[in-house]
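FYI, it's all coordinate maths here, none of it is from the lab. The model shown is predicted, which means the values in this text are computed figures rather than measured ones. Cβ coordinates were reconstructed from backbone atoms using ideal geometry, including for glycine residues, and neighbour counts include every protein chain displayed.
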Amino acid sequence: MKLGKIKVKHYVNYAAIGALTLVMGIMTLAGNKFDNSTLFLMEKMSISIILAVSLSLVVGFLGELSLGHAGFMCVGAYLSGKVASLLEPTMGNGPLTLLIALLVGAGAAAACGIVIGIPALRLRGDYLAIVTLAFGEIVKSLFQNSSDETFGGSLGLSTPRYDKNYLFLYGFILVLITLFVVQNLMRSKHGRAITAIRDNEIAARATGTNVTKYKLLAFTLSAAFAGIAGVLYSYSNYTVQSMKFGYNYSIEILVMVVLGGMGNINGAIISAALITYLNTQLPTILTGDLAVLQNLLYAIILIVIVIYNNAPALKGFRDKYNFKALTRKLRKKEVDPAHVKDDEAKWDVVPTKIDMDEILSVDMTPQDPNITWKRGGDK
Amino acid sequence: MAEYILETKGLGISFGGLKAAQDVDIKIRKRQIYGLIGPNGAGKTTIFNLLTCVYKPTAGTFYLDGEEMKGLTPDKINRKGIARTFQNIRLFNNMTVIRNVMVGLQHRPEFKCSVIESLLRLPRHFKVEKAMRAKAKELLRIFDLEQDRNDLACNLPYGKQRKLEIARALATDPKLLLLDEPAAGMNPHETEDLAHTIRKIRDGFDLTILLIEHDMGFVSDLCDEITVLNFGTVLAQGDTKTALQDPEVIKAYIGG
Amino acid sequence: MTTAINGLSLGGIYAMIALGYTMVYGIAKMLNFAHGDVIMIGGYMIYVTMATGNPLLAIAVAVLSCVILGVTIEKVAYKPLRGASPLAVLITAIGISYLLQSLAQIIFGSAAKMVTVYELGSIQFLGATVQLSALVTLGVTVVVMAALTLFVKFTRVGRAMIAVSEDRGAAQLMGINVNGIITLTFAIGSALAALAGLFYLLKAPNVSSTMGAMPGIKAFTAAVIGGIGSIPGAMLGGILLGIVESVSYKFAAIAPYTDAIEFSILIIILLVRPNGFLGKKRREKV
């Protein structure tokens, strides 16, 4: 494929994370040992990025609010942890066990995604939010009250230890896989169908979009990746406790998505990394009763950003001072409308006018010889 | 090939006792431009919603090209060959103009490409995307929207939004196109042009068109046949000139 | 019998909260996630004012401050988003809920505070011990429900509320002050939340920053079960949920799963009957 301007832009995030993985991987193989807190931070960041990117699929692109993302993660963490500890005596704790754990975690979470996705098809936005919230609480409660032999009950499930020096690399690779799947999906006809549903469900149906299929697809994929994040979590923490996966955690993931800009994958990645870093650093600054200031900060971020981005009264201000408008001055290139590349958005170059006369003078026969208007398709 | 492209038989729907449409029989021949008129609240848009399966009829049924269509979902009916525009424009506002059209195109069988093929970026994905883009551009060219193809749909002026909605409907490859008040908000000059455009679309795309309109000049100029509705029932039907002169119709419009 | 009475009193609290949800949802068409946290603020206001030892003053202060809080939230956070996507409004409401919880925790600390408003005893009735607080809760809720129903049906302002709920644009054209009506709705909802906070304290004399969250979500469940937007529906749903909860607590085998059971009921109701028992069917105009 040609290396156009747009294509390069599409691969920047792979390149950045891929390069990071490669450099750190080589350093690790060369015998360099990162200290434990760095390793743990990188594991946490990859978990957060996977969670934020997958939630962004539902919240940013499908336009539905899910408040149970931590619930899907919980399912993935418990089931994979259980499978890994069952396999450990016979298979050891190598990459193969990790792979099986990943498949189990993703599969179980995806199954829950289907179960929750089915009401999603019938319910309006705010009801759906409540259903996902309820799902998260149900999952939490079920694992909390499980017997000690099955899932460890209220004490939590102990999971096998994995070689800490390598785990973060698997985390990075899983981030890359998540990006690959989510971005390729969104940059295809299927992604277009999902955003069409977000923009106008009735019109999407009327133009032949199978809304059921695409809603379920988005939900299930999103849940599956939350499950994968759960698997990483269980490997990273040695113990899985259902209390950790409550409503508050789901909100934290939502904050990452909102802070990154809804439907902006790179934004979600950056804000997930940033918030994870703050989560490890703030408790050292804000000790004791001050710790709650962190929640206050997230609450304020959520409110301010959403109002700023959505208030109808601020539209003029936003159009004037957004990222694109500010950087346009730097680029300062006048674009000839006839040569604009597809999908390179230009809001203000072409003068718009209403004129039906133009249509009348246009030749209806397609200029491209391969295209016909004949029903049943092009030859 | 059936004699009529669209045939409704005793079509009706009631919302909790209120009969919004009742015993509606419409027969439309291939390549006709057919008008559906009537005072406000007569049930015109309800008929459109029945024909696109947004509502399920409580009585009667309808056939497209001889095939019974009752009970399908709106997306299936679209793929069977009925496309529509909406009275209050419904575009995908936060998507570019060309993508709006591509959403219409992508459910055609010739642009089939599974989720797996797209995820793994197999050759078919690129082939289909390229073909769809070319076809979308051709459609936009006809409607003089090619220059605007990378604008967000919500940033288009009103008239262009209407045209884009028609282009998107045509992209789904319909046999029957339903236009809900296409001339609403247009001045007489624009309305006249729209009439020419609709004829042109009919000829160029080999279509049958059913439209709702309030502008009587527009209807009598354009439509071969009409059905006049009032309170959900058929008041008069047939050749446009004759039906419009029906005393019942005049009474319904002028009152009395 | 004791279980039934307990269920009714718990149901009364849920019904009281659900009434607030239903009013706001019916008229402002938004799910006010922060409603449960207004209850919590009401609880803290009672706790603070009880230092004077005057329960009536405490209740008055709580109701007044909740009304001011509710109206402020509406003006500052929700009003700018009128006309924006429902998703944005919902996320803002979640943000407000989070904000109130963390503010309360900063001001009052994370430990729960004890506060006794009234020492209400219990009476023997048909061989069962009945807490007087349960009877008070139930009685006041029924009175409030009846008053609200009458208010909405028979006053000018009430009818204006129905008009705004049916069609905001048309109501505006008829000369109804839509913003004023929505503000009033939030005021009423918040006052009900303060009362719910009082009943909560009568039942369990502890105030904490998270006390409103769970009851809030459960009361929303109640509002949905009864049919959101319907005043008697909120009452019905609240009572049903309260009874389910106390019956579930009664049996040791399922007691730990009480929350799960209630939420499962919610999901099933939404699947089978999304408009609840007494709700109106709503369809989008095409």
Discussion item. For a quick check: with amide H placed at 1.01 Å from N, whose amide H comes under 5 Å from C:SER122's, ignoring anything fewer than 5 positions away on the same chain?
Written reply: C:LEU132
Discussion item. Students often get this wrong, so check it: of A:LYS82/A:LYS189; A:LYS9/A:LYS315; A:LYS213/B:LYS30, which have C-alpha atoms separated by over 31 Å?
Written reply: A:LYS82/A:LYS189; A:LYS213/B:LYS30
Discussion item. Distance between the C-alpha centers of the range B:86-118 and the range A:165-192? Whole Å please.
Written reply: 24
Item to complete: Given the peptides B:109-121, A:94-106, C:181-193, A:48-60, arrange them by the average over their residues of other C-beta atoms within 10 Å, most packed first.
Response: A:48-60, C:181-193, A:94-106, B:109-121
Worksheet item: On a 0 to 90 degree scale, rounded to 10, what angle separates helix C:231-250 from the longest Cα axis of chain C?
Response: 30
Worksheet item: Among the listed pairs B:LYS163/C:LYS79; B:LYS27/B:LYS80; B:LYS112/B:LYS137, which are separated by more than 24 Å between their Cα atoms?
Response: B:LYS163/C:LYS79
Worksheet item: Across peptide B:70-80, how many C-beta atoms of other chains are within 10 Å of each residue C-beta, on average?
Response: 4
Discussion item. From the phi angles alone, apply the Karplus equation (6.51, -1.76, 1.60; θ = phi - 60°) to the range A:298-313 and give each ³J(HN,Hα) in whole Hz, x where the residue is Gly or Pro.
Written reply: 4, 4, 5, 3, 4, 5, 4, 5, 5, 5, 4, 7, 10, 4, x, 5
Discussion item. With the cut-off at 22 Å, tell me which of the pairs B:LYS127/B:LYS160; A:LYS140/C:LYS113; C:LYS29/C:LYS153 have Cα atoms farther apart than that.
Written reply: B:LYS127/B:LYS160; A:LYS140/C:LYS113
Practice prompt. Sort B:165-176, A:266-277 for me by packing, meaning the mean count of neighbouring Cβ atoms within 10 Å per residue, highest on top.
Written response: B:165-176, A:266-277
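Which number comes out as Rg/Rh for the range A:44-154 once both Rg and the Kirkwood Rh are worked out on C-alpha atoms?
1.02
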Worksheet, complete the sentence: proj_area_mean for chain B (convex hull on C-alpha atoms), units nm², value 15.0
Worksheet item: Semi-axes, largest first, in whole Å: what does sqrt of 5 times each Cα gyration tensor eigenvalue give for the range B:90-173?
Response: 24, 12, 11
Practice prompt. Identify all aspartates and glutamates with a Cα-Cα distance to A:LYS164 below 13 Å; exclude those on the same chain that are fewer than 8 residues away in sequence.
Written response: A:ASP35, A:GLU43
Worksheet item: In nm², what is the average projected area of the convex hull enclosing the Cα atoms of the protein assembly as shown?
Response: 43.5
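For the protein assembly as shown, give the share of DSSP beta bridges that are antiparallel, in percent and rounded to the nearest 5; count only bridges with both residues there.
Values: 29 of 45 bridges.
Antiparallel: roughly 65 percent of the beta bridges in the protein assembly as shown.
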Practice prompt. For the range A:8-285, compute Rh as the Kirkwood radius over C-alpha pairs and then the Stokes-Einstein diffusion coefficient at 25 °C and 0.890 mPa s; write the answer in µm²/s, rounded to an integer.
Written response: 130
Worksheet item: Roughly speaking, what is the centre-to-centre gap between the range B:215-256 and the range B:129-172 when only Cα atoms are used, to the nearest Å?
Response: 33
Worksheet item: Got a sec to turn the phi values of the range C:192-198 into Karplus ³J(HN,Hα) couplings, 6.51 cos²θ - 1.76 cosθ + 1.60 with θ = phi - 60°, whole Hz, x for Gly and Pro?
Response: 4, 5, 4, 4, 4, x, 4
Discussion item. Just checking the output field for B:44-55: average partner chain Cβ neighbours within 10 Å of each residue's Cβ?
Written reply: 2
Item to complete: Would you kindly derive the ³J(HN,Hα) couplings of the range C:205-215 from the backbone phi angles with the Karplus curve 6.51 cos²θ - 1.76 cosθ + 1.60 (θ = phi - 60°), listing them in order in whole Hz, with x for Gly and Pro?
Response: x, 10, 10, 9, 5, 9, 4, x, 4, 5, x
Practice prompt. Within a 10 angstrom radius of each residue's Cβ in C:28-40, how many Cβ atoms of other chains show up on average? Whole number is fine.
Written response: 1
Worksheet, complete the sentence: Residues meeting the amide H criterion for B:LEU211 (H placed from the backbone, H to H distance under 5 Å, 5 or more places apart or on another chain) are B:TYR34, B:GLY35, B:LEU36, B:LEU179
